[in-house]
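The values are calculated or read from the model by the stated rules, or taken from the named source; none is laboratory data. Computed from a predicted model, the values in this text were never measured in an experiment. We place every Cβ from the backbone using ideal geometry, glycine too, and count neighbours over all the protein chains shown. Calculation scope for accessible area: heavy atoms of the full protein, side chains included, ligands and nucleic acids excluded. Shrake-Rupley method; radii C 1.70, N 1.55, O 1.52, S 1.80 Å.
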Amino acid sequence: MLEMNKETALVVFSGGQDSTTCLYWAIRQFKEVYALSFIYGQKHQNEVEIAREIAKEAGVRFDVMDVSFIGKLGQNSLTNPSIEMDQAKPDDSFPNTFVPGRNLFFLSIAAVYARERKINHLVTGVSQTDFSGYPDCRDAFIKSLNVTLNLAMDEQFVIHTPLMWIDKCETWALADELGVLDLVKNRTLTCYNGIPGDGCGHCPSCKLRREGYEKYMMLKYVAEKR
Ligand code: ZN
């Protein structure tokens, strides 16, 4: 087992609302932070450039891994231009924005990358509260993978999931608490149509993000009035 540096963390970072909030959460928790982004054949690869800019401004080390094979393995609308994105979650299955295996690959690669740098803390912005119900965003999967990674490399990785039990409204509240509400609102990219900041306004991701923001601003307004 390697002697790990307990003061450093690696954030799986896409430049979106959730992982940017996690990046700043990690900056508060750890002395040194690395951010790792992935190219997985997503339609909007400008998200990697957005991630690079945010990481640079935040003063964290940034790296990109090309894992484009993930997009070629399965059918999904985030990587296949001929599939139109689901506007809503079907009753009995996942939306076609589900990229099978994505977080399994991302976190496994992140763990190997981290181990090379003697880092055992991994941070990911997955949330079980997320509307989509992607199985690889659930707490049981993350805990299971954590055990598997430790067994695979005989290490003591700790996967941190600051957003696991909070919704979009509370994620905005966390960003505000961390002092990056405006940065997250104006700079991050979560829109399925590839438009940063407030996005296209009508894709499922933009709707979820906006509804969370409006709810948070309303709660904040009410709290300040008191
Ligand atoms: Zn959008």
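Brief remarks on what is shown
- Residues Asp182 and Gln29, FRET efficiency given R0 of 25 Å [Cβ-Cβ distance, rounded to 0.05]: 0.70
- For the set Met153, Met164, Met217, the ranking by accessible area, highest first and with no ligand, DNA or RNA atoms included, is Met217, Met153, Met164 under a 1.4 Å probe.
- In this structure Ile166 has an accessible area near 40 Å², from a 1.4 Å probe over the protein heavy atoms.
- Convex hull volume per residue for the stretch 100-226, taking Cα atoms only, in Å³: 129 Å³
- Computed over the chain, the ratio Rg/Rh where both radii use C-alpha atoms and Rh is Kirkwood: 0.95
- Kyte-Doolittle at least 0.0, axis length at least 15 Å by Cα - qualifying DSSP helices, the chain: 102-116, 139-153
- Computed over neighbours whose Cβ is under 12 Å from that of Lys31, the net charge equals 0, Lys and Arg +1, Asp and Glu -1.
- Charged-residue dipole, Cβ positions (Lys, Arg, Asp, Glu), the stretch 131-226 about Cα centre, Debye nearest 20: 420 debye
- For a straight C-alpha distance cut-off of 19 angstrom, the lysines reachable from Lys118 (same-chain residues fewer than eight places away being disregarded) are Lys6, Lys31.
- Residue-span extension gain [Ser68 to His44] - 0.36 nm each, minus C-alpha spacing: 7.4 nm
- If R0 is taken as 41 Å, the Cβ-Cβ distance between Leu219 and Ile109 corresponds to a FRET efficiency of 0.65.
- For the stretch 184-226, the square roots of the Cα gyration tensor eigenvalues, ordered a ≥ b ≥ c, give a/c of at least 1.5 with a/b greater than b/c, which places it in the prolate category.
- For the chain, the Cβ-based charge dipole about the Cα centre amounts to some 260 debye (Lys, Arg positive; Asp, Glu negative; other atoms uncharged).
- Loop-exposed GluC sites (Glu not before Pro) per DSSP, neighbour cap 11 Cβ within 10 angstrom, longest uninterrupted part of the chain: 85-226
- Cleavage-rule hits (chymotrypsin sites (Phe, Trp or Tyr not before Pro)) in the stretch 161-226: DSSP loop, at most 15 neighbouring Cβ within 10 angstrom: Trp165
- Phe157 accessible area, 1.4 Å probe, all protein chains in place, Å² to nearest 10: 10 Å²
- Per-residue surface analysis assigns Val48 an accessible area of about 10 Å², computed on protein heavy atoms at 1.4 Å probe radius.
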